[in-house]
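Report on one structure; see the data block that follows.
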Amino acid sequence: QWQYYLASGDKDWLKKDGWPVIRGIAEFWASRVTYDKAHDRYRILHVTSPDEAYDDVPDDSFTNAAAQKALRIAVRAARAVGEAPDPQWSRIADRMYIPFDPAAQRHLDFDPSVPHDKVTWMGSSLAWLMYPNLDLP
């Protein structure tokens, strides 16, 4: 929806057709997160990793990054159609937990509390969110 708008510049289409879908997606993700007060961050629990060998995992990097991206797009889309975005969308996106190993300087597939049989954790599915890259800064 957002990429179509960016490519076409059709604000009438965005307001009539694209915005309701984008808003619905943002509302879904906002309803799906759990706030972790101890770490001041949002988490998404009980998901299946794109790897599919891991189900019911917390904080899958791809899922959390996709939700973060959808929420940020919704903020931009709301403004583009002259509506006020839900303030929770930016708050959630800004505080979304995406597992990262600072020592290895890489994203993990999902929260490290889950046993993982791979030798390296690469967060390899995160690159999927960059194609096509029309909406990336």
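From largest to smallest, the equivalent ellipsoid semi-axes obtained for the range 2-129 from the alpha-carbon gyration tensor read 30, 16, 12 Å. Working note: Karplus 6.51/-1.76/1.60 with θ = phi - 60° gives the range 29-37 the couplings 5, 4, 7, 9, 7, 10, 7, 9, 4 Hz, where Gly and Pro are set to x.
Per the Debye calculation on the range 31-89 with a single equal scatterer at every Cα and no solvent contribution, log₁₀ I(q)/I(0) for q = 0.12, 0.18, 0.29 Å⁻¹ amounts to -0.37, -0.71, -1.14.
Readers should treat all values here as calculations from the given coordinates under stated rules, not as data from a laboratory. Everything numeric in this text was worked out from a predicted model, so none of it was measured.
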